[in-house]
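I have placed the structure first, in the form of structure tokens, so that the comments after it can refer back to it.
The values are calculated or read from the model by the stated rules, or taken from the named source; none is laboratory data. Just so you know, these numbers come straight off a predicted model, no measurement behind them. Every residue, glycine among them, receives a Cβ derived from its backbone with ideal geometry; neighbour counts consider all protein chains shown.
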There are 2 protein chains.
Amino acid sequence: MSQVVSHAEPAQQKLRLMYAPIREELAQVELLLGKELSSEFAFIDQLARHGLLLGGKRLRPALVLLSGRACGPLSAEHPVVAAVVELIHTATLVHDDVLDEATVRRHLATVNARWDNETSVLLGDYMFARAICLASDLENTYVHRVLGEASRRMCEGELRQVGSRGQYDLSEADYLSIVAAKTAALCACCCRLGSHLGGATPELVEAFAQYGHHLGIAFQIVDDVLDLRGTEAVTGKSLGTDLMKRKPTLPLIRLLSEASPEDRSELLAVLGSSDDHRLERLKPWFLRSDAVGYAQQQAIVHVSRAKAQLDLVPPGPARESLRQLADFVVTRQE
Amino acid sequence: MSQVVSHAEPAQQKLRLMYAPIREELAQVELLLGKELSSEFAFIDQLARHGLLLGGKRLRPALVLLSGRACGPLSAEHPVVAAVVELIHTATLVHDDVLDEATVRRHLATVNARWDNETSVLLGDYMFARAICLASDLENTYVHRVLGEASRRMCEGELRQVGSRGQYDLSEADYLSIVAAKTAALCACCCRLGSHLGGATPELVEAFAQYGHHLGIAFQIVDDVLDLRGTEAVTGKSLGTDLMKRKPTLPLIRLLSEASPEDRSELLAVLGSSDDHRLERLKPWFLRSDAVGYAQQQAIVHVSRAKAQLDLVPPGPARESLRQLADFVVTRQE
């Protein structure tokens with residue numbers, strides 16, 4: 001376990017530096033999260049606290065706060081919105097772990113492994129309900145609409161992904177459209193709300209939303225790559241679940257689209273088998289192809305697009321952190 | 001199947017009569033639900049339409065509309081709120097079916113039986129997200145707060161129920177407190193929002209909320225009884241799941257609390273066994289005890305309390321329907 005912690009340290013240190021312009025507000029977010037997830041009922045209290053530890057990078061709260069800070073001083077609404085998006089994100093993590101049948105996340109037992117699927121489904125619902133309650137304190141209908149819309153798109157993306165299981169001929173455009181909904185919509189929502197509440201012009205709010213959108217896409221592509229080639233000790237979560245779940249990820253789509261008809265048939269046979277060692281059997285193919293490199297390159301393209309949006313943003317420490325955060329997304333190992 | 005339909009008819013006919021004062025608005029609710037759950041993505045469209053059929057009595061929309069109608073003319077907001085609560089309710093049904101491992105509901109295959117648990121979890125989340133989106137159209141922060149609070153209480157009730165699995169010494173007070181959260185909170189929310197939007201005084205809104213609260217408790221007690229002694233052909237859903245899930249329901253709590261120490265030990269042994277015929281084995285005990293009759297009596301007590309709240313409500317067809325609806329809840333066979 002100490003080995004694992006030492007692997008994870010550098011990322012946390014980098015994040016700490018990037019989060020410096022919003023340090024105080026992030027501490028407020030932690031207080032809010034702790035308060036929101038405390039419960040008079042011991043079982044719920046214990047569950048919710050465990051669930052909260054499953055997140056951890058606090059990337060989404062940071063996006064809200066940095067986007068706001070880049071526009072001017074933060075308002076009292078910013079930490080609240082930041083806590084709301086983290087609750088929504090954590091709810092999806094808890095449900096994802098049911099879906100992926102994952103047993104480890106952030107070096108912790110997932111809720112479904114420690115308790116059961118039933119508890120995970122309810123805990124995710126509870127966290128989402130708490131998010132809605134906390135958002136309603138703001139009495140701001142714009143915030144509600146944007147959060148509702150982002151949640152809807154996330155679920156649509158997840159459902160489309162389920163519908164595309166085993167569809168290894170999924171086009172890259174369809175893959176990107178699913179990822180834009182599943183992962184990027186919430187990141188875009190964070191930046192949109194942060195900058196809107198920071199008093200940005202509609203044009204600038206759009207630029208922030210685009211930054212979040214491209215950052216989210218890059219984040220997901222990197223996640224796909226890490227699921228293929230990360231190590232559990234470093235990423236702190238169950239790996240190879242994409243293959244097991246027959247998800248057409250970008251490296252896989254690329255591998256198949258570039259393969260000869262014979263290779264393609266052979267690959268599809270491996271993918272269609274119920275062999276537990278599919279990941280091992282596919283490794284040589286990945287090593288011979290440009291698939292992983294191509295996926296990483298695409299992630300870098302989206303990070304560049306994200307950073308380009310920041311040209312419209314007034315210079316300062318918050319903008320610099322957003323720039324570094326974009327780079328971090330593609331270089332992270334966990 | 002035709003047998004099943006003929007069983008179900010009388011209930012539908014009764015509801016049609018009770019819903020007469022809100023017929024047009026209920027038709028609008030159906031249109032809204034159809035529109036909200038349509039999707040450009042064929043897989044999502046198919047799933048959501050199937051999910052929507054799992055509800056059916058439209059009890060919660062009717063509570064919103066009748067509570068409003070009892071106060072005066074309905075506003076454009078009423079059908080929207082009615083559709084929102086039905087979406088939230090349907091989302092919980094879809095998730096409940098994952099939790100209960102139920103395979104049949106309203107004579108239809110549940111989503112988890114026809115597709116899988118993963119799809120059910122996501123579909124429930126999607127419906128809840130659509131509910132939040134639809135609610136945000138209203139630009140009414142009171143509606144948001146009340147909906148958020150009701151959702152939170154529902155989830156808390158469900159989680160407390162999971163935490164109480166196998167706790168057959170649960171007190172009747174704790175049972176009622178769980179049911180108040182799990183089932184009654186949404187009914188109370190429906191009546192609160194319907195009357196509030198209908199321009200009722202705060203005092204009258206409280207009376208409506210209390211009506212919904214007691215109606216919801218009665219509804220859940222009857223559900224517990226039906227799960228024990230209904231027949232699948234009539235109720236149209238999987239039965240005996242409460243026993244399987246080791247839920248301490250009111251009839252069971254009563255049976256155990258009234259049993260002699262020897263009988264109690266024997267009963268706990270049956271309940272603790274993994275015997276598939278527990279329901280059959282418990283039947284003679286139930287027949288000898290007052291447990292089912294007692295539970296039904298408690299349901300009637302709560303229905304009386306619900307109806308007593310209506311004394312504050314101006315007389316008219318909507319109030320009459322609310323009175324009949326309360327009676328229907330305890331006499332229903334499905």
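Here are some notes:
- Within segment A:258-271, residues that are of a type in the set (Asp, Glu) have Cβ atoms under 9 Å from residues that are surrounded by fewer than 15 Cβ atoms within 10 Å (Cβ to Cβ) and part of a loop (DSSP other than H, G, I, E, B) in these pairs: A:Glu258/A:Asp290, counting only partners at least 6 apart in sequence or on another chain.
- Filtered residues of segment A:189-214 (kept if under 19 Å from A:Thr141 (Cβ atoms), touching a residue at least 24 places away in the same chain (Cβ under 8 Å) and either among the aliphatic types (A, V, I, L, M) or part of a helix (DSSP H, G or I) (or both)): A:Cys189, A:Cys190, A:Arg192, A:Leu193, A:Gly194, A:Ser195, A:His196, A:Leu197, A:Ala200
- Considered as a group, the residues in segment B:132-169 that are within 7 Å of chain A (Cβ to nearest Cβ) and among the polar types (S, T, N, Q) include one that is surrounded by the fewest Cβ atoms within 10 Å (Cβ to Cβ), and that residue is B:Thr141.
- Residue within segment B:114-128 that is at the interface with chain A (Cβ under 7 Å from one of its Cβ atoms), over 19 Å from A:Ala48 (Cα atoms), in contact with a helix residue (DSSP H, G or I) (Cβ under 7 Å, 6 or more places away or on another chain) and outside any helix (DSSP H, G or I) present: no
- In segment B:31-76, the residues that are surrounded by 23 or more Cβ atoms within 10 Å (Cβ to Cβ) and closer than 19 Å to B:Leu123 by Cβ: B:Leu33, B:Leu47, B:Ala48, B:Gly51, B:Arg60
- Listed by first and then second residue, the pairs with beta-carbon distance under 6 Å, at least 6 apart or on different chains, first residue in segment B:137-150 and closer than 15 Å to A:Tyr142 by Cα, second assigned to a loop (DSSP other than H, G, I, E, B), are B:Thr141/A:Glu139.
- Residue check for A:Glu172: of a type in the set (Asp, Glu), crowded, with 18+ Cβ neighbours inside 10 Å and at pLDDT 95 or above: no
- Residue check, B:Ala83 under 30 Å from B:Pro315 (Cα atoms), buried (at least 23 other Cβ atoms within 10 Å of the Cβ) and at pLDDT 90 or above: yes
- Test: residue in segment B:50-70 that is within 14 Å of another protein chain (Cβ to nearest Cβ) and modelled with pLDDT of 95 or more: no
- Any hit, segment B:290-308, residues being under 26 Å from B:Gly216 (Cα atoms) and not in a helix (DSSP H, G or I): yes
- Residues that are under 20 Å from B:Gln309 (Cα atoms) and among the aliphatic types (A, V, I, L, M), drawn from segment B:55-81: B:Leu59, B:Ala62, B:Leu63, B:Val64, B:Leu65, B:Leu66, B:Ala70
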